[in-house]
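Down below is the structure, laid out as structure tokens.
The values are calculated or read from the model by the stated rules, or taken from the named source; none is laboratory data. Since we're looking at a predicted model, the values are computed, not measured. Every residue, glycine among them, receives a Cβ derived from its backbone with ideal geometry; neighbour counts consider all protein chains shown. Only protein heavy atoms, including side chains, enter the accessible area calculation; ligands, DNA and RNA are left aside. Shrake-Rupley method; radii C 1.70, N 1.55, O 1.52, S 1.80 Å.
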Amino acid sequence: MPAAVPMPPSDSRDPVSDFSRDVTSNPYASPPVSRETVWSHPSSQASSPLPSPDDLLLPGGDERLWTVVSIKHLPTRELWSMTRNVLEFSLAFLIFKVFRVPNRPSWAAALLDLREISEQEIPDQFTEDFRNARELAITLGFVNPCYLTSPTVGPRLGIEMLMTTPDGRIQLTFHRLLCRDGTVRLDETRQGFYSRLAGGRSLITTKAMPEPRPCSWQNVTRMRTKSFEKLLERHRRLLAQQATRPIDPSRLCEESLEEDKRILRDIIERGLLREATGHDIIEIEKRYG
């Protein structure tokens, strides 16, 4: 179950501590910079010549860099599903679609090139969260933890833990995501359960939060709870009514990546993502070092 496409953050909070740690050997990531450099306004940074867009060698194939489309170009029905309430939707619609205030991309990711990492590569600020989630998942009967991330340009960091039941009927997902734009921070913990159904369909039970509307083959239930136990109880009740196709626990990452690619291609076709350009990458690097 892939990470949902995040909307630009809507609330101002404290900066993320030491956000510039790199979690993989990432050919697209900006080099680490100090807190002062990261949080200073671009006009106050020391000017240095940047390459022109034509000089940048961007990834190709499944490693292409994608970014969220600007809100003024986002389909209205997608904007509705990605806002938390009527007030937030109304404000976003008025500001970005009626007055067409521009919002610039703050990151770009090779979303079709998610990759497995080791437990030792989890950043320090996430270590306790993942340890607690893993221990709880084990008590609920889940096995075989593995971790995924993707190459990213800009101030975004996401790590996903996958586990499954021994019979492969249910996959657990625990995802920590940090994203920043100026002094606004998005700090999310996503958790949920996924099962493969007959006919190429999917059953998903997840914590309620703004995210794109489901793909046509997904049966999604969202609950306002932080409890793994309550989510799992609801998922099992729904799963009992369905014919399932088990996930091979030894191929957990491979099968998850296959489903991620199917969902992400659908999201791209629906207009939520666009391919990042050389201008986007230069702008991101100018803003964040």
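Filtering region 264-285 for residues that are open to solvent by 20 Å² or more (accessible area, probe 1.4 Å), modelled with pLDDT of 90 or more and closer than 25 Å to Asp167 by Cα leaves an empty set. Scanning region 69-114 for residues that are open to solvent by 60 Å² or more (accessible area, probe 1.4 Å) and in contact with a Ser or Thr (Cβ under 7 Å, 6 or more places away or on another chain) gives a single hit, Pro102. Looking across region 100-150 at every residue that is of a type in the set (A, V, I, L, M, F, W, C) and assigned to a loop (DSSP other than H, G, I, E, B), the one that is nearest to Arg176 (Cα to Cα) is identified as Ile122.
Here the condition is being at pLDDT 90 or above and in a strand (DSSP E or B); of Leu172, Leu186, it holds for Leu172 alone.
Scanning region 152-192 for residues being more than 18 Å from Asp129 (Cα to Cα) and not acidic (Asp, Glu) gives a total of 16. Just to be sure, is Asp62 open to solvent by 70 Å² or more (accessible area, probe 1.4 Å), in contact (Cβ under 8 Å) with a residue 40 or more places away in the chain and either over 17 Å from the mean Cα position of the chain (by Cα) or under 30 Å from Met161 (Cα atoms) (or both)? Here the answer is no, as Asp62 does not meet what is asked.
Under the condition of being surrounded by 17 or more Cβ atoms within 10 Å (Cβ to Cβ) and either over 13 Å from the mean Cα position of the chain (by Cα) or outside any strand (DSSP E or B) (or both), the residues counted in region 158-168 number 5.
Taking region 147-198 as the range and being among the hydrophobic types (A, V, I, L, M, F, W, C) and touching an Asp or Glu at 6+ places or on another chain (Cβ under 6 Å) as the test, the residues that pass are Leu148, Leu177, Leu178.
With respect to the stated conditions, Ser52 is exposed (fewer than 15 other Cβ atoms within 10 Å of the Cβ) and either at pLDDT below 85 or β-branched (Val, Ile, Thr) (or both).
Are there helices (runs of 4 or more DSSP H) fully within region 211-289 with at least 1 residues that are closer than 24 Å to Thr83 by Cα and either out of contact with any Gly (no Cβ under 8 Å at 6 or more places or on another chain) or polar (S, T, N, Q) (or both)? List them. Per the criteria, 228-239, 252-269. Assess whether Ser12 counts as being touching a strand residue (DSSP E or B) at 6+ places or on another chain (Cβ under 7 Å), at pLDDT below 75 and surrounded by fewer than 11 Cβ atoms within 10 Å (Cβ to Cβ). Spelling it out, Ser12 is indeed touching a strand residue (DSSP E or B) at 6+ places or on another chain (Cβ under 7 Å), at pLDDT below 75 and surrounded by fewer than 11 Cβ atoms within 10 Å (Cβ to Cβ). Within the option set Arg245, Arg236, Arg251, being touching a helix residue (DSSP H, G or I) at 6+ places or on another chain (Cβ under 7 Å) and either more than 26 Å from Gly141 (Cβ to Cβ) or open to solvent by 40 Å² or more (accessible area, probe 1.4 Å) (or both) holds for one residue only, Arg245.
Looking at Ala137, is it open to solvent by less than 40 Å² (accessible area, probe 1.4 Å) and over 27 Å from Ser227 (Cβ atoms)? Judged against the criteria, Ala137 is not a match.
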